[in-house]
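Below: one structure, written as structure tokens.
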Amino acid sequence: MSTILVTGATGNVGRHVASQLGAAGLKVRALARDPGRAGLPVETVRGDLTEPATLEPALRDVDSVFLLWPAFTADGADEVVAAIAGRARRVVLLSAPGAEAPGNHFHEVERLIRHSGLGWTFLRPSGFAANTLGWADQVRRGVVRWPFGRAARSLIHEKDIAAVAVHVLASAGHNGAAYVLTGPEQLTQAEQVRVIGEAIGREVRWEDQPPEEAREQLTAIWGSPEFVDGALRTWESFVTSPEVVTDTVPRLLGRPALTFRQWAADHAADFA
Ligand SMILES: NC(=O)c1ccc[n+]([C@@H]2O[C@H](COP(=O)([O-])OP(=O)(O)OC[C@H]3O[C@@H](n4cnc5c(N)ncnc54)[C@H](OP(=O)(O)O)[C@@H]3O)[C@@H](O)[C@H]2O)c1
């Protein structure tokens, strides 16, 4: 049986990709920078996407790769894509909406893959519901202070992104497809905080933070001012043009996409 290599297997999405592929009886190998600490229930091999030479053992006998790109630039992606193309037949990339237009690293990584000779499928999920875990400390204090409370997003459960990845990896007919994946509904950020409060049985208040203050804080955390400015511009745009909802998840999986309420229930312990 050919092997599927899962990168990002210790992360939000990859963790579920690895476990769901294993549950489907497929042969899975996980990539991690520190396999000893990864604690995954599947074969885990050391490799670092910023050091392409380290990927060789992980790519042995691999047919397909679930790939995420862990950086804010595409520097080095050419070597990684070439290493994968030298070994595997196809790649499923965890990309993002907006990748179709130049000017972001997702576009560049997709472009490299399109020209690599690999079969490919691009998954372009909307905002991850898991991003709201960044509010956990504030949720515990009862007030979330963040910019653009009226920005409406169609946040997606990481399990749904993983389920689509597994569906694509386990079935034919997805070569050359770019799927925009979203949750089933639009919720403003202030509403998201209310739903989290309901899931944990506590009232949590929203407070609008001036974007300039957020810019400073997020640049200190993310390190890339360009990425922070891009994120702030995107969130602001969702105040007047809510993030789109697509039917791709239900169409591919044959069941409704998981709601943010479901996600919050699944993660109530993370906010406790
Ligand atoms: N958050 C969003 O709203 C959103 C939306 C669209 C797309 N995305 C994309 O989704 C991806 C993040 O997915 P996620 O949330 O599931 O991941 P995550 O929870 O942020 O975890 C990051 C994963 O990447 C791995 N990783 C980090 N640096 C690495 C390196 N140098 N070499 C190999 N592996 C490395 C980590 O593995 P180890 O530490 O174990 O090595 C870990 O498994 C990013 O590419 C992001 O751009 C995010």
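Quick check on region 68-76. Is at least one of its residues of a type outside the set (Ser, Thr, Tyr) and touching a strand residue (DSSP E or B) at 6+ places or on another chain (Cβ under 8 Å)?
yes
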Q. Restricting attention to region 214-225, and to residues there that are in contact (Cβ under 8 Å) with a residue 40 or more places away in the chain and assigned to a helix (DSSP H, G or I), which single residue is surrounded by the fewest Cβ atoms within 10 Å (Cβ to Cβ)?
A. TRP222
Q) Here is a list of conditions, (1) in a helix (DSSP H, G or I); (2) within 11 Å of the ligand (Cβ to nearest atom); (3) of a type in the set (A, V, I, L, M, F, W, C); (4) more than 17 Å from the chain's Cα centre (by Cα), and ALA83 meets all of them except one; can you say which number that is? A) (2)
Q | In region 8-61, residue nearest to the ligand (Cβ to nearest atom) [restricted to those that are assigned to a helix (DSSP H, G or I) and surrounded by fewer than 16 Cβ atoms within 10 Å (Cβ to Cβ)] | A | ARG37
(Q) Can you list residue pairs whose Cβ atoms sit under 7 Å apart, with the first residue in region 161-178 being modelled with pLDDT under 95 and the second being surrounded by fewer than 22 Cβ atoms within 10 Å (Cβ to Cβ) and of a type in the set (D, E, K, R)? Count only pairs 6 or more apart in sequence or on different chains. (A) none
Q: For region 134-171, enumerate the residues that are under 16 Å from GLY14 (Cβ atoms), within 10 Å of the ligand (Cβ to nearest atom) and not in a strand (DSSP E or B).
A: GLU158, ILE161, ALA162
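The values are calculated or read from the model by the stated rules, or taken from the named source; none is laboratory data. Computed from a predicted model, the values in this text were never measured in an experiment. Methodologically, a virtual Cβ is constructed for each residue, glycine included, from the backbone with ideal geometry; neighbour enumeration extends over all protein chains shown.
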